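The values are calculated or read from the model by the stated rules, or taken from the named source; none is laboratory data. For clarity, every value in this text was computed on a predicted model and none was experimentally measured. Here the Cβ is made from the backbone with ideal geometry for all residues, glycine too, and neighbour counts use every protein chain on show. These area figures cover heavy atoms from the full protein model, side chains too; ligands, DNA and RNA do not enter into them. Shrake-Rupley method; radii C 1.70, N 1.55, O 1.52, S 1.80 Å.
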Amino acid sequence: MSEPQEPLVASASQTVGPFFHVGPGASDRCGVLAGPGVPGERIRLCIRVLDGDGAPVDDAMVEIRQADADGAYALPPTSLEDPPPQFAGFGRLSTSKDGDCCFETIRPGAPAHADGAAHVTVCLFMRGLLRHLYTRVYFEDDLALDRDPILLLVPAERRSTLLAHRAGDGATWDFVVRLQGPDETVFFDL
Amino acid sequence: MSNRPMSDRHALEAGSQPPLLYPPYKSTVKRAPTQPLIVIPERFASLATPVYGYLPIGEADNDLTRQHAGEPQGERIIVAGRVLDEDGRAVPHTLVELWQCNAAGRYRHAKDKHPAPIDPNFSGAGRSITDAEGRYRFVTIKPGAYPWGNHDNAWRPAHLHFSLFGHSIATRLVTQMYFPNDPLCAWDPMFQSVRDPRAQQRLVSQFDLSLTEPNWALGYRFDIVLRGRDSTPFEARV
């Protein structure tokens, strides 16, 4: 019988700082998740980040992960020789001076293997965040919001902080992240 | 002793992960959420969401000294190590990204106003993929210390930024690597936000003569430990 080993101490999270520069040349391409051949409703997901004073956070790195139009996630490559999938479901952008960034993507479908509402997972990094934050974007007109198991974990009065709203042109969805304040966005611990 | 890895909450309580609000690091004050995080129980979490790493890695992506026409200024170093999970298992085929300032302490970034020279031969960003045993390797330049406005006479210790994805959304990590015996770490609120001495030690690389190449570059070993596969918290906390 082997003695159970004491687990290793996980490396501590640290801020990205204001000067992040990840992936040579990659950041330009990470704002477009869906090329022309990807099926689904084309949307522009615009995420704005505001600090405790309501001021735009102009030095954040925003990552999104989402399912495709069928609600399925791309699987990670099993070998380095695997061709990249058409829709990898991952995006990454820096915020502008106005604290926002916009992803060209498709509207995700309802989860393929679970009951619940379609959503986009957002991961936020910035100066002043010693650990990154997770939140979720839901779509305000989704009929499945009332039965989404994660939204039901959230106190009812805070659920609206997780909704994206359709903007003027119909294809743009706006989502505001408020780090603090009366409408502080709900953040999750995975 | 259970071999189940610590949940994030337990890691926080033990001081091996920094808190979100840490007033000595001033920028946390207006940016740390004030409401408790809502735990997503493992049975609901879409842990199989995609990880990143589909972009092909270029030949010089892990050698920051060969990305330009000339060699960058400064002390050439080799940084290598293994990416493991909390149970000590290798994390193969995962993207490791690195970014840093140059030898003079200046980032090639529009927002960096530190009056130190920009090095035309140094971009300060690299990528590598771990091999089947979880190993990665970079060749780069030792970064300089630089001042910042956090407190009186504040200087960041020399450090490299690392970004890792692991194999699930819960293993995503951005961390920093420090150098052995750097006196500035004692005054650095980012380093000091990690209270557990073992976790602090994990952030400091070790000089390694076996990685060092004669007449060429000093070697530093930096192993990175990601959360384990089963380390999501198991009870709801609202």
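Structure above, values below:
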read-out: Solvent-accessible area per residue, Å², over the range A:20-178 with all protein chains present [probe radius 1.4 Å]; value: 42 Å²
read-out: Share of carbon and sulfur in the accessible heavy-atom surface of the range A:20-178 [1.4 Å probe, %]; value: 53 percent
read-out: Among A:Ala88, A:Ala114, A:Ala144, residue whose mean-square fluctuation peaks in a GNM of chain A (springs only between Cα atoms under 10 Å); value: A:Ala114
read-out: Pairwise centroid distance, computed over Cα atoms, of the range B:154-189 with the range A:93-155, Å; value: 27 Å
read-out: Å² per residue, accessible surface of chain B at 1.4 Å; value: 43 Å²
read-out: Added length on full extension, which subtracts the Cα-Cα distance from 0.36 nm per residue, B:Ala69 to B:Asp208; value: 47.1 nm
read-out: Antiparallel DSSP beta bridges within the protein assembly as shown, as percent of all bridges there, nearest 5; value: 75 percent
read-out: Compactness of chain B as Cα Rg over 2.2 N^0.38 Å, two decimals; value: 1.06
read-out: Burial ranking of peptide ranges B:211-221, A:171-181 (average Cβ count within 10 Å, highest at the top); value: A:171-181, B:211-221
read-out: Zero-based 5 Å bins, Cα pair distances in the range B:82-170, whole percents; value: 3, 13, 20, 18, 14, 12, 12, 7, 2, 0
read-out: FRET efficiency estimate (nearest 0.05) - Cβ-Cβ, A:Ala171 to B:Arg198, R0 56 angstrom; value: 0.65
read-out: Volume in Å³ per residue [convex hull over Cα atoms, computed for the range A:20-178]; value: 144 Å³
read-out: Summed side-chain charge close to B:Gly105 - residues other than B:Gly105 whose Cβ falls under 15 Å, Lys, Arg +1, Asp, Glu -1; value: +1
read-out: Chain A: relative contact order in percent, alpha carbon pairs under 8 Å with at least 6 residues between; value: 26 percent
read-out: Label-to-label distance, nm, for residues given as A:Arg158 and B:Lys111 (7 Å Cα→Cβ offset); value: 2.7 nm
read-out: Portion, in percent, of the accessible area of chain B that falls on carbon or sulfur, probe 1.4 Å; value: 53 percent
read-out: Antiparallel DSSP beta bridges within chain B, percent to nearest 5; value: 75 percent
read-out: Inter-chain shielding of B:124-136 (mean C-beta neighbours from other protein chains, 10 Å cut-off); value: 2
read-out: The protein assembly as shown - mean residue ellipticity at 222 nm from DSSP helices (-39,500 (n - 2.57) per run, n ≥ 4, rounded to 500); value: -1000 deg cm²/dmol
read-out: Chain B: relative contact order in percent, alpha carbon pairs under 8 Å with at least 6 residues between; value: 28 percent
read-out: Cβ-based charge dipole, the protein assembly as shown, positive-most Cα from A:Val120, B:Pro180, A:His165; value: B:Pro180
read-out: Cα-centred dipole magnitude for the protein assembly as shown, charges only on beta-carbon of K, R (+1) and D, E (-1), debye, nearest 20; value: 700 debye
read-out: Estimated buried accessible area (total), pair A and B, 1.4 Å, Å² to nearest 100; value: 7200 Å²
read-out: Which of B:Gly228, B:Ala154, B:Ala110, positive extreme of dipole for the range B:97-238 (C-beta unit charges); value: B:Ala110
read-out: log10 of Debye I(q)/I(0), alpha-carbon scatterers only, for the protein assembly as shown at 0.14 Å⁻¹; value: -1.41
read-out: Antiparallel bridge percentage (DSSP; both residues within chain A; nearest 5); value: 75 percent
read-out: Net length gained if the chain between B:Ala60 and B:Gln35 were fully extended (0.36 nm per residue, minus Cα distance); value: 4.6 nm
read-out: All lysines inside 24 Å of A:Lys97 as judged from Cα atoms, apart from same-chain residues fewer than 8 positions distant; value: B:Lys26, B:Lys30, B:Lys111, B:Lys113
